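Below: one structure, written as structure tokens.
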Amino acid sequence: MSARLVLLGPPGAGKGTQAVRLAERLGVPAISTGDIFRSNIKNGTELGRRVQDITASGALVPDELTNELVRDRLAQSDAVDGFLLDGYPRNVAQVAALDEMLATAGQQLDLAVELTVDPQVVVERLTRRAEIEGRADDTEDVIRHRLDVYAEQTAPISQVYAARGVLAQVDGLGEVDEVTERLVAALAPVLS
């Protein structure tokens with residue numbers, strides 16, 4: 001089954017968990033920019049060294065480099081017939097870059113799915129996770145800042161995909177299995 005999907009949602013919405021579950025069901029790779037960055041760093045690639053220098057300083061990896069890494073990953077054989085992108089595109093400029101990558105390959109995006117969650121629930125969820133996992137950097141202020149950054153930079157992507165008629169919004173709150181079933185139902189029209 002071929003499907004080219006983007007999974008959107010704020011930090012703490014459960015994207016990573018759902019991306020893996022959906023990708024397994026669809027038989028496509030779940031592609032996370034964070035995983036791509038870590039893999040390139042671990043394997044000591046030239047791109048990995050560039051990413052490591054940037055992330056070590058606490059900065060975000062610039063669009064140009066992120067796009068290069070995603071383009072490279074989408075060209076790998078397991079992604080030719082489909083993929084689920086998690087964490088990319090992160091802003092409207094990256095949407096344009098993804099459009100160009102797909103057009104070059106004679107493909108197009110099937111659907112962007114946005115997990116919607118109540119910001120207060122996300123703050124509670126991430127604060128609790130930080131306590132359990134001992135993440136000292138995930139304070140309520142930091143979490144709220146990350147949600148603000150998401151609202152400012154990433155949420156406008158939803159508007160772009162909605163205007164194209166390729167956005168499905170799915171309630172991201174509830175049991176993991178419930179959310180997965182909602183996502184599968186949202187994908188059904190595209191995959192049939």
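The values are calculated or read from the model by the stated rules, or taken from the named source; none is laboratory data. Computed from a predicted model, the values in this text were never measured in an experiment. Methodologically, a virtual Cβ is constructed for each residue, glycine included, from the backbone with ideal geometry; neighbour enumeration extends over all protein chains shown. Ligands, DNA and RNA are excluded from the accessible area calculation, which covers all protein heavy atoms including side chains. Shrake-Rupley method; radii C 1.70, N 1.55, O 1.52, S 1.80 Å.
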Which pairs turn up if I take residues in the stretch 89-113 that are more than 15 Å from Arg73 (Cβ to Cβ) and look for partners that are hydroxyl-bearing (Ser, Thr, Tyr) and open to solvent by less than 10 Å² (accessible area, probe 1.4 Å) with beta carbon separation below 7 Å, at least 6 apart in sequence or on another chain? Ala112/Tyr161
Condition test on Val184, is it of a type in the set (Val, Ile, Thr), more than 14 Å from the chain's Cα centre (by Cα), within 20 Å of Gly27 (Cβ to Cβ) and open to solvent by 50 Å² or more (accessible area, probe 1.4 Å)? no
Against the conditions (1) farther than 19 Å from Arg25 by Cβ; (2) surrounded by 12 or more Cβ atoms within 10 Å (Cβ to Cβ), where does Gly165 fall short? Just the number, please. (2)
